[in-house]
Amino acid sequence: MSKPVEDLDEVLKNHKLCKEEYEDILRILEGRHPNIVEIGIFSAMWSEHCSYKSSKKYLNGFPTKAPWVIQGPGENAGVIDIGDGMAAVFKMESHNHPSFIEPFQGAATGVGGILRDIFTMGARPVANLNALRFGRIKGESDTAKYQRHLVRGVVDGIGSYGNCMGVPTIGGEVSFDESYNGNILVNAFSLGLVKSDEIFLGVASGLGNPVMYVGSKTGRDGLGGAVMSSDSFTEESKSLRPTVQVGDPFTEKLLLEACLELFKTDLIVGIQDMGAAGLTSSAFEMAGKTGAGLIMHLDKVPAREEGMTPYDFMLSESQERMLICAKKGSEQAIIDIFEKWGLDVAVIGEVTDTSRMELMWHGEKCADMPIAPVSEEAPILDRPTARPTYLDKINDISLDSYDKVEDQEAYEKLLASLEIVDKSWVYNQYDSMVQTNTTKAPGSLDASCIRIKENGKALAMSSDCNPRYCYINPRRGAALAVVESGRNVAMSGARPLSITDCLNFGNPENPEVMWQFAEACEGIKEACIELNTPVVSGNVSLYNETNGVSVYPTPAIAMVGLNEDENKILPSVFQENENNILLVGSTKGEFGASLYIKELHGETTGSLPIFDYSEELRLWELVIEANKKGLLKAAKDVNVGGIAIALSKMAAISNKGVVAEVTLDESKHIFDETQSRALVEVSPEHTEAFAKMAMDLGITVENIAKVGGERVKINNIELPLEKVKEIYFTTFANTIEQDL
């Protein structure tokens with residue numbers, strides 16, 4: 001065994017370990033001082049990124065079970081039953097810090113990592129989404145120029161990796177706010193399909209079973225990445241580029257195909273992606289789930305660089321690697337598969353019955369640690385919480401506090417908002433049609449959809465979060481992220497089933513940030529219980545802060561729903577001239593954290609009212625059931641920017657005008673953001689039948705417009721259709737390309 005470290009204080013500081021944690025390490029090692037390899041392992045496994053030590057307390061109450069949930073949190077990804085012996089496997093992950101430091105590789109490896117989470121479970125990835133948050137990109141300031149650089153780099157990274165993998169990116173969201181100036185958010189979602197009885201788990205068991213390494217060689221890239229992602233940014237953070245992994249999508253494509261070929265055999269016990277903390281986390285997690293021990297010979301790990309040490313091998317986050325627990329005697333058959341695909345493969349260890357991790361280096365032991373305490377006894381922190389003082393200043397501010405703006409001026413400003421306009425500059429760089437199953441692609445509003453060739457059904461998915469809502473009320477804002485993602489899925493005719501989340505917050509050492517996190521978790525729990533959409537997987541990303549400024553609380557939610565008939569996918573844009581447009585749901589005059597106040601007055605203020613889940617569920621039921629009966633031509637939810645913006649988007653994308661008259665009293669508005677509302681397109685012969693369905697469910701319906709014409713007119717605002725299209729389709733590209 002190598003010697004205990006010298007300069008202990010400096011080593012602990014560099015590994016983000018405190019004195020109290022070191023005392024725990026001494027207890028676990030029964031009084032023995034750890035060497036540098038063991039300190040590195042503890043540092044990675046007990047990092048915020050891997051151990052969830054600040055957040056675990058608040059995640060425990062998430063609803064995770066339902067008759068359709070096959071696998072909840074705790075594995076590489078969640079799994080739900082979609083009928084006919086088929087299952088959907090999905091998860092969302094963050095790659096925020098790496099993407100801020102090195103946007104192309106940070107975003108690319110984020111996509112690579114989430115894809116491995118999916119195919120490690122035995123599923124072929126069939127759809128990707130992403131949720132991206134950037135700072136202000138308008139103007140000539142250094143910040144705006146740098147943010148535009150980040151947008152271009154991140155989009156390039158996502159597109160290059162996903163396109164090379166042959167997995168369609170079918171939707172997502174991009175938003176902008178100055179709170180992300182110092183810390184962008186890059187959240188990647190992937191979904192795969194698998195037969196329900198062919199799901200693989202990340203476990204190691206069976207005395208004497210071999211442990212095998214497959215994929216790319218290990219280098220020093222990504223070294224310390226998990227620890228880097230568990231700290232705040234400062235001006236010096238750009239020096240952290242070496243901690244960002246480097247991705248190779250062509251190798252990952254080979255790894256995907258090799259793994260899927262392997263899964264058709266009966267050669268393995270379990271398989272685990274080497275994600276954050278690389279070989280350390282994969283080995284400890286696989287053995288920790290079963291209570292097994294492992295012995296691994298690190299000198300047998302395929303190396304990309306000369307002079308690598310045990311520390312390097314255990315902590316590297318080189319991409320495109322997997323750890324396999326194979327069945328004894330199957331080694332050569334597995335080697336043959338991976339060598340056929342041109343990949344590295346090596347037997348590096350075996351399962352023992354010691355419940356310990358024994359690491360060898362050229363025949364000598366370089367680490368010896370009990371597995372369970374390392375993987376399970378990371379400190380669970382009970383950090384102080386405090387309601388943010390800023391809420392006292394902003395929650396009492398209402399629309400009446402601001403000078404009145406003429407509706408036409410307001411409309412033109414909102415329509416040109418970067419939160420509203422089409423992002424085709426982004427999604428045109430992604431291949432959305434590869435695999436030929438995409439039926440509702442990026443830019444078509446609300447949820448994205450794919451058909452399931454095997455059973456004639458369809459899956460709908462939507463990623464959503466309104467950080468402004470979460471800023472003024474983290475609990476209700478997070479709940480509304482669940483609601484909005486579910487509503488988008490329902491508007492496509494699919495029944496929302498389950499969510500995955502990506503909880504992006506600032507520095508947990510700040511009591512106000514920890515309060516935001518705790519409140520948001522309660523909001524997610526409440527919404528998922530009320531809507532019967534359990535959490536099946538997820539991710540927490542903390543320390544999204546630069547120089548003491550935290551991002552807005554951003555609990556991104558991706559909802560997945562099932563449509564029983566691929567031919568019944570409901571569009572979200574106008575379909576036929578002369579059809580009626582009905583406003584479903586009542587308008588209540590809600591402007592808390594609205595885009596209206598943000599764009600016209602430059603502030604995020606107000607409050608969110610109590611939310612009625614039963615009203616929302618009735619809306620879902622109405623649209624889903626009316627769609628099954630063939631009564632609907634299109635459905636679009638009303639949310640950011642209100643009725644005026646929803647109608648304008650539908651008009652621009654469909655190239656069909658609309659003239660609408662909405663009955664509103666003085667306290668209400670065509671720009672208000674009342675929840676639980678939708679616009680539906682119904683042919684004249686079906687309007688009465690739909691209205692009766694709504695009435696039977698206690699939902700108000702108003703016939704507000706007919707599709708058609710060359711203008712967009714809603715009450716007292718009006719623009720030619722061509723002008724609406726010009727603003728909607730060119731604003732973003734003109735903004736992002738102004739430096740080029």
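The values are calculated or read from the model by the stated rules, or taken from the named source; none is laboratory data. Because the structure is a prediction, the values reported are computed rather than measured. Quick reminder, even Gly has a Cβ in these numbers, built from the backbone with ideal geometry, and neighbours come from all protein chains shown. Side chains included, ligands, DNA and RNA excluded: accessible areas come from the protein's heavy atoms. Shrake-Rupley method; radii C 1.70, N 1.55, O 1.52, S 1.80 Å.
Under a point spin-label approximation (7 Å from Cα along Cα-to-Cβ), what is the Ser196-Cys18 distance to one decimal in nm?
Computed distance between label sites Ser196 and Cys18 equals 4.7 nm.
Per residue, how many Å² of accessible area does the chain show with a 1.4 Å probe?
Counting only protein heavy atoms, the per-residue value for the chain is 35 Å².
Using only protein heavy atoms and a 1.4 Å probe, report how much of Arg495 is accessible, in Å² to the nearest 10.
Answer for Arg495: close to 90 Å² accessible.
Rounded to the nearest 500, what is the 222 nm mean residue ellipticity of the chain from helices alone, with -39500 (n - 2.57) per DSSP H run of 4+ residues and division by all residues?
-10500 deg cm²/dmol
Kindly state, to the nearest 0.05, the FRET efficiency for Ala689 paired with Val405, given R0 = 35 Å and r defined as their beta-carbon distance.
Step by step, r from the Cβ atoms, then E = 0.30.
Report the one residue of Asn187, Thr436, Ala386 whose Cα lies farthest in the direction of the positive end of the charge dipole of the chain (charges on C-beta: Lys and Arg +1, Asp and Glu -1; origin at the Cα centre).
Farthest towards the positive end: Thr436.
Considering Cα pairs under 8 angstrom that are at least six residues apart, work out the relative contact order of the chain and quote it in whole percent.
Computed over the chain, the figure is 15 percent.
Net charge near Thr438: determine it from the other residues with C-beta under 11 Å of the C-beta of Thr438, scoring Lys and Arg +1 and Asp and Glu -1.
+1
Express as a percent, rounded to the nearest 5, the fraction of DSSP beta bridges in the chain (both residues included) that run antiparallel.
Roughly 80 percent of the beta bridges in the chain run antiparallel, per DSSP.
Give the residue from Gly641, Asn734, Tyr596 lying farthest towards the positive end of the charge dipole for segment 595-740; charges sit on Cβ (+1 for Lys and Arg, -1 for Asp and Glu) and the dipole is referred to the Cα centre.
Selected residue: Asn734.
Around Asn96, under 11 Å between beta carbons, what's the net of Lys plus Arg minus Asp minus Glu among the other residues?
Spelling it out: positives minus negatives among the neighbours equals -1.
For labels at Lys723 and Thr143 in the simple 7 Å Cα→Cβ model, what's the distance in nm?
3.2
Report the net charge of residues surrounding Arg116, where surrounding means a beta-carbon distance below 11 angstrom and charges are Lys +1, Arg +1, Asp -1, Glu -1.
That works out to -3.
Round to the nearest 10 and give me the degree value, 0 to 90, for the angle of helix 36-45's Cα axis relative to the longest principal axis of the chain.
30
Could you give the dipole magnitude of the chain about its Cα centre, charging the beta-carbon of Lys and Arg +1 and that of Asp and Glu -1, in debye to the nearest 20?
1020
Fully extended, how many nm does the chain gain between Leu8 and Asn395 (0.36 nm per residue separation, minus their Cα-Cα distance)?
So the chain would gain 134.5 nm between Leu8 and Asn395.
Please report, as a whole percent, how much of the solvent-accessible surface of the chain comes from carbon and sulfur atoms (probe radius 1.4 Å).
Carbon-and-sulfur percentage of accessible area, whole number: 49.
I'd like to know which of Leu531, Ala494, Ser572 lies farthest towards the positive end of the charge dipole of segment 483-598, counting +1 on Cβ of Lys and Arg and -1 on Cβ of Asp and Glu.
My answer, from the dipole projection, is Ser572.
Percentage of Cα-Cα pair distances in the chain greater than 49 Å, rounded to whole percent?
Every Cα pair in the chain considered, those over 49 Å come to 16 percent.
Which entries in Lys636/Lys692; Lys57/Lys393; Lys340/Lys365 show an alpha-carbon gap greater than 22 Å?
As for pairs spanning more than 22 Å Cα to Cα, those are Lys57/Lys393; Lys340/Lys365.
With 24 Å as the limit, write out which pairs from Lys56/Lys300; Lys16/Lys525; Lys16/Lys65; Lys404/Lys598; Lys53/Lys327; Lys656/Lys723 have Cα-Cα distances beyond it, or answer none.
Pairs exceeding the cut-off: Lys56/Lys300; Lys16/Lys525; Lys16/Lys65; Lys53/Lys327.
Give me the angle, in degrees from 0 to 90, between the Cα long axis of helix 613-628 and the longest principal axis of the Cα atoms of the chain, rounded to the nearest 10.
80
Roughly how many debye, to the nearest 20, is the charge dipole of segment 468-616 about its Cα centre, given +1 on each Lys and Arg Cβ, -1 on each Asp and Glu Cβ, and no other charges?
Here the size comes out at about 140 debye.
With +1 assigned to the C-beta of every Lys and Arg and -1 to the C-beta of every Asp and Glu, and no other charges, what is the dipole magnitude of segment 399-543 about the Cα centre in debye, to the nearest 20?
780
For helix 249-263, what angle does its Cα long axis make with the longest principal axis of the chain, in degrees from 0 to 90 and rounded to 10?
80
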